[in-house]
Amino acid sequence: MIGLFHSRNGFTFCADAQGLAIEPGPKPVSLNRQELDQLGLELRDDYKIPLAEGQQGHDITGRILTALQEAANRCRGPEEAWMAQDLKRAMILIGGLDEDVAQRILDQEGI
């Protein structure tokens, strides 16, 4: 299989089925979305947990994720960046919970 290649600022990027190689060495470099696409890599937000069809607003984790997303969308400007980041972290934690586990935790807390 032929790998995908990209060169920028003296670095060579090679992506293939075995992984991604960046040469010549450990120096910070940033790639934009188009450059990532050239390597066959997709940029995504891990905090955007996909909900199964029909789950939005019906189960406890779905409702919590929706509320957290709404709150994160309301965070504007650099003074609220810390809050938006914490809300995204909470979304990751909640999104990883099994519905039964989430309900047991809420029951234990009396909520």
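The values are calculated or read from the model by the stated rules, or taken from the named source; none is laboratory data. Given the structure is predicted, the values throughout are model-derived calculations rather than measurements. Heads up, the Cβs are rebuilt from the backbone with ideal geometry, glycines too, and the neighbour counts pull from every protein chain shown.
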Taking the condition of being touching a residue at least 12 places away in the same chain (Cβ under 8 Å) and closer than 16 Å to residue 106 by Cβ, how many residues in region 56-89 meet it? 6
Count of region 55-68 residues which are surrounded by fewer than 16 Cβ atoms within 10 Å (Cβ to Cβ) and modelled with pLDDT of 50 or more: 4
